[in-house]
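Below you'll find the structure, written out as C-alpha cells, and then a few comments.
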Amino acid sequence: MSNNHLNPHDHFFRSMMANQKVAREFFATHLPYELKQIIDVASVQLQHNSYISDSLREQISDLLFKANFSGTMGYIYILVEHQSQPERLMPFRILKYMTAIMEDHLKGKKGNTLPIIYPIIFYTGKKSYQYSTDLFDLFEKRELAWEIFSKPYLLIDISKVDDNKLDELLWYGSCARIMKYIHEYRKNIIPLLRKMMGKLRVIENLGDLGYIRTTVSYFVEAGEVPNEEEFREVIKEGLTKGGEDIMSYAEVLTRRGYDNGLAVGMATGIEQGLEQGLEQGLEQGIGRGKAEEARVIAMKLLCRNFDPKEIADISGLSIGEVMKLKIRSI
C-alpha cells in the first residue's frame, strides 16, 4: 500500500503500532482478560496486509497482527475508523474482511485449516459510537439468526438417501432419483429414463409438461443417447397426453446432441465476438446450412407454442432472431 493513500490519522496510528512498545501496551490494555491468558502479547507481529480499498481509506484503515493463540497461529485484526459518523453495518463489513484474511491465509499455507481471527474496532470519530458491534444484532430476528449460524450447515448427500424414501415423493423425489443415478447411466441414459417413466407419466397426467421438458433436457445434456430411435420410443410409449409435444422436444434435443458441429460453430462465433452477431458466428463456424437448420427447428417449436426463450436455448438462435421468426409466422 502506497503512503500517498494514507490520511494523517491512518499514517500516525499505523506508524505508532509498528513500534513494538506501543503495540504491546495497546494489547495489554485493551484485550479481554481471557484472551490475554492465551495470547503471548510479546510475540504479536504486525503484518503488511491491508484489506481496505482506496475509496474507503479516508474513513477507515486496518492493521493485521499475527498472534499465537495457545500454540495455534491466528490473527488480531484492528479496524481503525476515522469517520465522524459511526456505521451500523460495520460488523458485517468486518466479517467480509475476516473472510478475506482467511482466504489469504489459505493461499500461503498448506492444508485447509482456518486461522483464528480476533477483530477490534478502534474508533476515533467525534460522535459517540452508539451501534452494536455484534453481527447478530443486524438481523431482524437475532435469536433465529444465531440459532442457524451457530450450527453446522445442512448437507444432503443424495447418494445416501434411501430410494424407498424418494419413491414416496413425486415432484422432488423424481428429480432427486434422477440426479442420484445420472452419473451411473451417463454413457447411456435410456435405461434410467425407462425406469423413471412411470413417475413422469403421473406428472404428465397432472398437467406439468414444463417439468417433463426440463427433465428430458437434463437427460440429454447430462448423459449420452447412443440410440436416438430407442430414446424417442421410450418417450412415445411412456407418455400419453403430452407425448406428441414431448416427442418433438426430444427430437430437437437429440438432434442437437448428435450434431456437435452446431455447438462448435456457435462457440467459434462467440469467441470471434458477440458483436458480430450470432448469425455470422454460425456461418463462420458451421456454414449457412446449419444456421438454416436452427431456424427450421425454431419454426417447428413456434408452431407448438413453445416459449421464445426456451426455443432460443434449444435452437441456438438469439431471442431477437426467434422473435423475428415469430412475427413472420403470424
State whether the residues of the stretch 94-101 include one that is modelled with pLDDT under 90, of a type outside the set (A, V, I, L, M, F, W, C) and surrounded by fewer than 15 Cβ atoms within 10 Å (Cβ to Cβ). no
Taking residue 251, is it surrounded by 13 or more Cβ atoms within 10 Å (Cβ to Cβ), under 33 Å from the mean Cα position of the chain (by Cα), modelled with pLDDT of 55 or more and not assigned by TED's automatic domain parsing to the domain that holds residue 216? yes
State all residues of the stretch 136-174 that are touching a Leu at 6+ places or on another chain (Cβ under 9 Å) and in contact (Cβ under 8 Å) with a residue 12 or more places away in the chain; if no residue qualifies, say none. 138, 149, 158, 170, 173, 174
Within the stretch 123-139, is there a residue that is modelled with pLDDT of 95 or more and in a loop (DSSP other than H, G, I, E, B)? yes
Name the one entry in 192, 209, 169 that is more than 25 Å from residue 300 (Cα to Cα), of a type in the set (A, V, I, L, M, F, W, C) and surrounded by 16 or more Cβ atoms within 10 Å (Cβ to Cβ). 192
Looking only at the stretch 19-33, how many residues end up being within 24 Å of residue 99 (Cα to Cα) and loosely packed, with under 12 Cβ neighbours inside 10 Å? 1
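The values are calculated or read from the model by the stated rules, or taken from the named source; none is laboratory data. For clarity, every value in this text was computed on a predicted model and none was experimentally measured. Because the Cβ atoms are built from the backbone with ideal geometry, glycine has one as well, and the counts that use them run over all protein chains shown.
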